[in-house]
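First the structure, in the form of structure tokens, and then the observations on it.
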2 protein chains.
Amino acid sequence: MTDLPLADTAVSRTIRSTIERVLTKVNALSLGGPGWTRPSYSDLESQAHAVIEAEARALGLEVSRDHAGNLFARLAGRNPALPPLFCGSHLDTVSEGGAYDGQAGVAAALALVAALREARVTPEADFVLTVTRAEESVWFPVSYIGSRAALGRLLPEELQARRADTGRTLADHMRAQGFDPDALMRAGPPAPARFLEFHIEQGPVLDRAGEPYGIVSAIRGGLRYRAAQVQGAWAHSGGAPREGRADAVVAFADLVMAMDRAWEGFLARGSDLTVTFGRVDAASSAHAMAKVPGQLGFCLDLRSEDVAVLEAADLALRDEIRRIERARPGIRFDLGNQSRSQPARLSPAMIDWVAGGAARRGDRPRRMLSGGGHDAAAFAAAGWESVMVFIRNWNGSHCPDEGMDPADLARAVEAVLAALSGNDG
Amino acid sequence: MTDLPLADTAVSRTIRSTIERVLTKVNALSLGGPGWTRPSYSDLESQAHAVIEAEARALGLEVSRDHAGNLFARLAGRNPALPPLFCGSHLDTVSEGGAYDGQAGVAAALALVAALREARVTPEADFVLTVTRAEESVWFPVSYIGSRAALGRLLPEELQARRADTGRTLADHMRAQGFDPDALMRAGPPAPARFLEFHIEQGPVLDRAGEPYGIVSAIRGGLRYRAAQVQGAWAHSGGAPREGRADAVVAFADLVMAMDRAWEGFLARGSDLTVTFGRVDAASSAHAMAKVPGQLGFCLDLRSEDVAVLEAADLALRDEIRRIERARPGIRFDLGNQSRSQPARLSPAMIDWVAGGAARRGDRPRRMLSGGGHDAAAFAAAGWESVMVFIRNWNGSHCPDEGMDPADLARAVEAVLAALSGNDG
């Protein structure tokens with residue numbers, strides 16, 4: 001098959017208009033501002049899935065859902081013996097999140113189908129538009145719920161995890177949205193295929209370099225404490241001498257600074273790591289200006305492309321806690337439950353395949369690391385050939401100001417369209 | 001007048017039973033546990049005042065209230081030309097506070113009157129049981145509201161301060177409890193007299209020394225930032241490199257550790273100081289495990305017996321903030337409004353007078369500093385001869401476990417009763 005006529009403005013216009021329309025329709029669905037809030041397994045997430053289902057049906061795709069509510073819309077390829085190419089992302093958001101995380105990847109997948117239709121191209125393998133559920137782990141303390149469910153890798157006990165805002169279990173929320181966690185647990189894994197995900201970078205690398213998109217070679221894994229605590233001793237702020245205080249805020253500050261120094265050390269030794277204390281709560285009704293704080297809650301997120309570095313950072317954390325507890329009598333840390341997501345190496349063959357499409361467009365996207373976890377990590381962990389395309393973004397991510405130029409996304413979609421038009425697509 | 005018969009068990013029993021009864025009745029009034037919660041200018045505070053009014057009337061005292069709702073119950077002395085001795089404390093609590101802060105001082109004052117009645121002793125000067133309103137500054141950002149109102153020193157703009165939980169103004173809350181802030185503003189200051197306050201120590205000094213009570217020679221003043229903020233930049237926890245982060249939690253931890261070191265330095269130079277970050281809030285709906293925190297709220301309480309030390313600590317705070325803002329681009333601190341209470345030197349004559357009563361009982365209470373602010377500081381600032389008697393306590397203060405032995409309080413009451421029985425009483 002020869003190269004697609006990429007100068008064809010009808011195809012380019014289709015890509016751009018599809019992206020714009022999907023983003024507009026999906027982002028009309030939110031609990032309210034600032035930013036966008038569509039909790040995992042909420043009515044709003046289901047409504048967003050329905051938007052994509054209607055778009056997929058309009059393009060003549062064959063639509064199905066699995067027992068966890070993941071949406072699949074299939075465009076048949078020319079060779080049914082080839083493993084299909086699944087392409088998509090998720091539509092849930094963090095609380096007060098941005099306009100592009102997840103939804104841009106779904107828009108790109110739909111734009112690819114629309115472009116193939118517009119160009120009257122049938123890809124070699126089946127192309128399966130994929131919309132997962134519940135990718136944002138702020139709602140349930142479980143990583144990649146929807147994609148791991150699709151892959152037959154969600155554990156029965158994970159169905160009992162409770163949503164942070166409602167306190168209800170994942171199984172309850174699945175049922176409330178019309179899905180069947182019991183059937184899900186009985187279903188076997190699908191045959192491994194291929195997975196492609198477009199996503200904003202969620203970091204400053206492409207923006208600082210002035211590059212519209214890049215290809216992801218690995219995804220950092222995470223080691224997390226979502227409900228850690230420091231216990232100290234309540235006392236009067238003016239009456240308790242410095243000696244003998246067990247101040248939970250000071251003990252926590254000690255840990256934060258120690259872990260920041262430890263992080264600097266890991267980076268200096270060439271290890272990949274991020275350290276984030278994203279949430280700190282010493283603001284209960286028991287806390288007051290005139291009281292030495294006797295308690296503080298926090299969460300800690302460690303990420304690395306290397307499991308050994310995560311283990312070493314966790315050991316450093318425990319060493320620092322022991323040091324602080326020894327130095328500050330009356331202080332006790334309780335890290336609570338640990339949760340993890342595994343780092344993922346993406347497929348060299350698929351990286352080269354996307355790079356080939358980009359080259360046909362005259363682009364040379366860099367290979368880069370993903371700091372955020374993504375559904376592609378779950379597919380890679382299940383043995384699928386997986387790849388991600390990162391889109392330049394700015395103003396942070398997981399926040400209302402999260403920025404992206406849809407033209408950058410369209411350019412990346414055209415690169416993959418060129419790859420799909422090759423003999424290996 | 002000769003010494004009272006302190007071996008008289010009827011007087012001792014009266015003191016103990018009055019203390020127990022007042023504490024039991026007042027502590028039956030609370031918004032619910034853990035601990036005790038009676039907000040300033042709440043219905044519960046008014047009900048607690050009504051308990052004391054009934055007790056005072058039962059003892060035949062002449063009861064009045066001022067326009068701010070402070071309660072005064074007068075036992076006429078033998079010499080109306082002498083300045084009266086006002087004696088009491090407050091009945092509001094912090095949120096989830098203890099069983100003794102404030103209420104023990106009111107119970108002691110009532111026990112003194114009951115003991116004088118039981119012993120058929122008329123003091124030299126009028127004795128005025130005093131129950132102030134709104135001493136705990138966690139509710140309104142104003143120090144010593146009731147006592148300063150009684151002294152004609154509350155400012156019109158302070159009536160516009162809003163209660164932390166309701167958002168309504170102090171003037172509104174006064175009116176809702178049946179008092180008259182407009183008339184209060186028109187009233188002049190009373191003639192300076194004398195003030196005595198019993199209070200738990202709110203610190204470990206007496207407990208560690210094994211001493212039941214002490215006499216306070218000075219009260220620390222405070223310099224406070226109740227609504228300070230750190231602004232940073234929201235980002236993705238896994239996507240944002242360490243370089244370029246503006247992490248509000250790390251910047252705050254830097255400040256906490258710096259101020260803790262600065263505090264150590266002040267103490268090493270012999271300066272009196274406490275430093276407390278009592279409340280920290282990075283737990284809004286925008287905060288999440290997977291986000292670099294872009295914002296954090298906190299409050300800071302500095303206390304010292306020496307205004308110059310408070311000023312120096314405030315300068316150290318501002319120096320550290322400048323250093324942190326320079327070292328961490330994107331970080332901005334906003335300290336918000338500052339509030340202050342002045343340190344107070346208590347009356348050497350009244351200290352000696354209480355010590356004289358204690359000596360007659362065979363006690364030698366230490367002279368000590370008060371870390372907490374108290375109504376006595378407001379009376380001292382208004383030019384009243386003032387003194388405090390501290391009662392040993394444990395398990396902290398301003399917290400549900402706050403401990404005190406009523407027998408220690410009774411012993412201190414007997415010491416003051418002995419002082420009242422002297423020629424200078």
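It is to be established whether one or more residues within region B:361-371 are within 14 Å of another protein chain (Cβ to nearest Cβ) and part of a loop (DSSP other than H, G, I, E, B). Yes; the residues of region B:361-371 include at least one that is within 14 Å of another protein chain (Cβ to nearest Cβ) and part of a loop (DSSP other than H, G, I, E, B).
Please determine, by comparing only the residues of region A:297-310 that are more than 15 Å from A:ILE219 (Cβ to Cβ) and touching a residue at least 60 places away in the same chain (Cβ under 8 Å), which one is surrounded by the most Cβ atoms within 10 Å (Cβ to Cβ).
Residues of region A:297-310 more than 15 Å from A:ILE219 (Cβ to Cβ): A:297-300, A:308.
Add one more test, that the residue is touching a residue at least 60 places away in the same chain (Cβ under 8 Å), and what stays is A:297-300.
Values: A:GLY297: 19, A:PHE298: 28, A:CYS299: 24, A:LEU300: 24.
Here the residue is A:PHE298.
Kindly indicate whether A:ASP401 is within 14 Å of chain B (Cβ to nearest Cβ), within 20 Å of the chain's Cα centre (by Cα) and acidic (Asp, Glu). It is true that A:ASP401 is within 14 Å of chain B (Cβ to nearest Cβ), within 20 Å of the chain's Cα centre (by Cα) and acidic (Asp, Glu). When region A:263-275 is filtered for residues that are more than 9 Å from chain B (Cβ to nearest Cβ) and either part of a strand (DSSP E or B) or crowded, with 19+ Cβ neighbours inside 10 Å (or both), only A:PHE266 remains.
The rows are residues; the columns are (1) surrounded by 24 or more Cβ atoms within 10 Å (Cβ to Cβ); (2) touching a Gly at 6+ places or on another chain (Cβ under 8 Å); (3) among the small types (Gly, Ala, Ser).
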{"residue": "B:HIS398", "(1), (2), (3)": "yes, yes, no"}
{"residue": "B:ASP405", "(1), (2), (3)": "no, no, no"}
{"residue": "B:ALA410", "(1), (2), (3)": "yes, no, yes"}
{"residue": "B:LEU420", "(1), (2), (3)": "yes, yes, no"}
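For first residues located in region B:125-136 and among the hydroxyl-bearing types (Ser, Thr, Tyr), partners that are open to solvent by 10 Å² or more (accessible area, probe 1.4 Å) and part of a loop (DSSP other than H, G, I, E, B) and lie 6+ apart or on another chain with Cβ distances below 8 Å form the pairs B:THR132/B:TYR144.
Matching residues to (1) within 26 Å of B:SER370 (Cβ to Cβ); (2) at pLDDT below 95; (3) assigned to a strand (DSSP E or B); (4) touching a Gly at 6+ places or on another chain (Cβ under 8 Å):
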residue	(1), (2), (3), (4)
B:MET174	no, no, no, yes
B:PHE195	yes, no, yes, no
B:GLN202	yes, yes, no, yes
B:GLY214	yes, no, yes, no
B:GLY222	yes, yes, yes, yes
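Residue selection: A:ASP92 fails the criterion of being surrounded by 23 or more Cβ atoms within 10 Å (Cβ to Cβ), under 17 Å from A:THR37 (Cβ atoms), in contact with a strand residue (DSSP E or B) (Cβ under 7 Å, 6 or more places away or on another chain) and among the charged types (D, E, K, R). For region A:380-389, state whether one or more residues are away from chain B (no Cβ under 14 Å) and free of Cβ contacts under 8 Å to residues at least 24 places away in the same chain. Scanning region A:380-389 turns up no residue that is away from chain B (no Cβ under 14 Å) and free of Cβ contacts under 8 Å to residues at least 24 places away in the same chain. Restricting attention to region B:153-210, the residues being among the small types (Gly, Ala, Ser) and either closer than 30 Å to B:PRO365 by Cα or open to solvent by less than 40 Å² (accessible area, probe 1.4 Å) (or both) number 8. Is it the case that some residue within region B:127-137 is more than 14 Å from every other protein chain (Cβ to nearest Cβ) and open to solvent by 10 Å² or more (accessible area, probe 1.4 Å)? No, region B:127-137 contains no residue that is more than 14 Å from every other protein chain (Cβ to nearest Cβ) and open to solvent by 10 Å² or more (accessible area, probe 1.4 Å).
Would a scan of region A:311-318 turn up a residue that is at pLDDT below 95 and open to solvent by 10 Å² or more (accessible area, probe 1.4 Å)? There is no residue in region A:311-318 that is at pLDDT below 95 and open to solvent by 10 Å² or more (accessible area, probe 1.4 Å). The set of residues in region B:394-425 being assigned to a loop (DSSP other than H, G, I, E, B) and modelled with pLDDT of 95 or more consists of B:MET404, B:ASP405. Taking region B:213-234 on its own, how many of its residues are out of contact with any His (no Cβ under 7 Å at 6 or more places or on another chain) and either without any contact (Cβ under 8 Å) to a residue 40 or more places away in the chain or open to solvent by less than 20 Å² (accessible area, probe 1.4 Å) (or both)? Within region B:213-234, residues that are out of contact with any His (no Cβ under 7 Å at 6 or more places or on another chain) and either without any contact (Cβ under 8 Å) to a residue 40 or more places away in the chain or open to solvent by less than 20 Å² (accessible area, probe 1.4 Å) (or both) number 12. When you look at A:GLU325, is it open to solvent by 40 Å² or more (accessible area, probe 1.4 Å) and either at pLDDT 95 or above or of a type outside the set (Lys, Arg) (or both), yes or no? When the stated conditions are applied, A:GLU325 does not pass them. Residues in region B:245-262 that are open to solvent by 10 Å² or more (accessible area, probe 1.4 Å), more than 9 Å from every other protein chain (Cβ to nearest Cβ) and touching a strand residue (DSSP E or B) at 6+ places or on another chain (Cβ under 8 Å): B:ALA262 alone. Out of B:GLN160, B:GLN177, one residue alone is of a type in the set (S, T, N, Q) and touching a Phe, Trp or Tyr at 6+ places or on another chain (Cβ under 8 Å). It is B:GLN177. Within region A:373-393, the set of residues being assigned to a helix (DSSP H, G or I) and open to solvent by less than 10 Å² (accessible area, probe 1.4 Å) comprises A:ASP375, A:ALA376, A:ALA377, A:ALA378, A:PHE379. Please go through (1) part of a helix (DSSP H, G or I); (2) free of Cβ contacts under 8 Å to residues at least 24 places away in the same chain; (3) farther than 18 Å from A:GLU135 by Cα for A:LEU44 and return the number of the only condition it doesn't satisfy. Here A:LEU44 clears every test but (3).
Which of the residues spanning region A:224-240 are assigned to a loop (DSSP other than H, G, I, E, B) and at the interface with chain B (Cβ under 7 Å from one of its Cβ atoms)? Hits for region A:224-240 are A:ALA233, A:TRP234, A:SER237, A:GLY238, A:GLY239, A:ALA240. A residue that is facing chain A (nearest Cβ under 7 Å), within 27 Å of B:ALA377 (Cβ to Cβ) and open to solvent by 40 Å² or more (accessible area, probe 1.4 Å) can be found somewhere in region B:276-296.
The values are calculated or read from the model by the stated rules, or taken from the named source; none is laboratory data. All values derive from a computational prediction rather than experimental measurement. Glycine gets a Cβ as well: all are built from the backbone with ideal geometry, and neighbour counts include every protein chain shown. Note: accessible area is taken over every heavy atom of the protein model, side chains too, but ligands, DNA and RNA are not part of it. Shrake-Rupley method; radii C 1.70, N 1.55, O 1.52, S 1.80 Å.
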